[in-house]
Amino acid sequence: DWNMPDYVAEAVAAIREQVGDEEVILGLSGGVDSSVAAALIHRAIGDQLTCVFVDNGLLRLNEAEQVMLTFGRNLGVKVIHVDATEQFLGHLVGVSDPEQKRKIIGREFVEVFQAQAEKLPKARWLAQGTIYPDVIESAGGKNKKAHTIKSHHNVGGLPETLNLKLLEPLRELFKDEVRELGIALGLPHDMVYRHPFPGPGLGVRILGEVKKEFADLLRRADAIFIDELRAADWYEKTSQAFAVFLPVKSVGVMGDGRTYEYVVALRAVQTQDFMTALWAELPHTLLARVSNRIINEVRGINRVVYDISGKPPATIEWE
Ligand code: XMP
C-alpha cells in the first residue's frame, strides 16, 4: 500500500546516495525488469548510467529497434547496441540439445557483455533488475531450474569477474509493483505488460539445431500471432503466448502446386506462477485468422498447429 510518486522520489534519492558520482552499467534485455530498472536508474543518475543491449540473433521481430527507440531516442538513455548475431549463431551450429544450447547462449552473453564492460573502465556498478521473487528463489534454492534461469538472466558471476558492485533497485518489489513503477516512469504500456521471454530467446523455440533461416521464419510467424492476440484483446488474457518452429516438413497445396514446408506450433497459456499452466482456450476464429495469415504471409510455413498440453506434464516452452 504505497504511493507511487513518493516511492519514485525515495528510490531515486536512495540510488543517488548509493552511487554518488560513480558510473553504472546495466544489461538491458527488453524485458520488464531490466527495462524498469534502467528507467529508474536513469531518472536518478542520468548519463552516469550506460546500458548494454545484446542482440543475440534470437530476439523477436523488431525487438532491437524497439528497445533502441524507447530507451535511446525517447528516454535519452545511453544504450550501446551490440549486434552479436553471428557470434551466437556461429557457436550454435551443429548443436541440438536444449540444455547445451542454453549453456552456449548464456556463456556467449557473458562474454559479449564483459567485453563491453571492459570498454567502460569508469564503471563501478553493475545494475540488475532483480525483483523480490528472484531474491526468495535464490535464497531458497528449492527450484533448481528457476535458479539456473535467474543466474543466466541476471548475469551470474559477472560482478566478481568485473569487480563491480551490485545495484539492485527493484529487490523489494513484486512484479505488479515493478509494472506500476514502470508506468510511473513513463515506459510504454506494451513494454511494461509484456509476456516473459526466456533468456535464450528463440534459441529454445526452434527445436533442435538453430539456423538463421528458421529464426527469420519463426520471428514473422510469432509477430503475426502476437498482433492478432492483441487485436482480439486476448494478449493480456494470456500469461505467455508464442510460436514454436518445428523443423519438420509436411505436404500442402497452394494454388495448383504442391508445397513441402515447415510447421509452426502456437502456444498460449494461462498461469499464476508459471509452475503449472493451462493452455488458453483461444476462440477458433482467432486461431483461424492466425493460421491463415501465417500460411499466406510466411513462405516456408505451410502448416500451423495449436498446442493443447497443460503443464504438467508438458512445460510451457518446448525445450
Ligand atoms: P517451462 O518451459 O519450464 O517455463 O514451463 C517456465 C517459465 O520459465 C521460462 N523459461 C526460461 N526463462 N531462461 C529464462 O530466462 C530459460 O532458459 C528458460 N526456460 C524457460 C519460460 O518462458 C516460462 O515463462
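Descriptive notes on the structure:
- Per-residue 3J(HN,Hα) values for the range 14-19, derived from phi via the Karplus relation 6.51 cos²θ - 1.76 cosθ + 1.60 with θ = phi - 60°, read 5, 5, 4, 4, 5, 8 Hz in sequence order (x marks Gly and Pro).
- Under the simplified labelling scheme, the Gln100-Glu213 pair shows an inter-label distance of 2.1 nm, with each label point 7 Å from Cα along Cα→Cβ.
- Against the chain, whose longest principal axis is taken from its Cα atoms, helix 284-297 shows a tilt of about 90°.
- Taking Phe174, Phe245, Phe197 in turn, the Gaussian network model of the chain (Cα-Cα springs below 10 Å) assigns the largest fluctuation to Phe174.
- Here's the list of aspartates and glutamates a cross-link from Lys175 could span, going by alpha-carbon distance under 20 Å and ignoring same-chain residues fewer than 8 apart: Asp1, Asp6, Glu10, Asp33, Asp134, Glu137, Asp190, Glu236, Asp273.
- Placing a label point 7 Å from the Cα of Arg73 along the Cα-to-Cβ direction, none of the residues of the range 194-234 has a backbone N under 11 Å of that point.
- Inter-probe distance in nm under a simple model that places probes 7 Å from Cα toward Cβ, at Asp83 and Arg16: 3.9 nm
- Around the amide H of Leu166, modelled in the peptide plane, lie the amide H atoms of Leu126, all under 5 Å away and 5 or more residues distant in sequence or on another chain.
- Candidates Arg219, Arg258, Arg303: whichever shows maximal mean-square fluctuation once the chain is modelled as a Gaussian network with Cα springs under 10 Å: Arg258
- Based on Cα contacts under 8 Å between residues 6+ apart, the range 272-319 shows a relative contact order of 53 percent.
- Gaussian network model of the chain, springs between alpha carbon atoms under 10 Å - residue of Ile136, Ile206, Ile226 with greatest fluctuation: Ile136
- Across the range 82-97, rounded Karplus estimates of 3J(HN,Hα) from the backbone phi angles (6.51 cos²θ - 1.76 cosθ + 1.60, θ = phi - 60°) give 9, 8, 10, 3, 5, 5, 5, 5, x, 6, 8, 4, x, 9, 10, 6 Hz, Gly and Pro being marked x.
- A simple spin-label model places pseudo-atoms 7 Å from Cα toward Cβ; at Thr276 and Gln66 they are separated by 3.1 nm.
- Cβ-Cβ FRET estimate between Glu168 and Asn296, R0 fixed at 35 Å, reported to 0.05: 0.15
- In this structure, the amide hydrogen of Lys78, modeled 1.01 Å from its nitrogen in the peptide plane, lies closer than 5 angstrom to those of Cys51, counting only residues at least 5 positions away or on a different chain.
- C-alpha center-to-center spacing [the range 93-116, the range 248-319] in angstrom: 27 Å
- Asp233/Val305 FRET efficiency (R0 25 Å; Cβ-Cβ; nearest 0.05): 0.60
- Close amide H pairs (under 5 Å, H built 1.01 Å from N) link Thr259 with Gly252, Val253, Met254, residues at least 5 positions away or on another chain.
Throughout, read-outs are computed from the coordinates displayed, never taken from laboratory work. Just so you know, these numbers come straight off a predicted model, no measurement behind them. Note: ideal-geometry Cβ built from the backbone for every residue, glycine included; neighbour counts use all protein chains shown.
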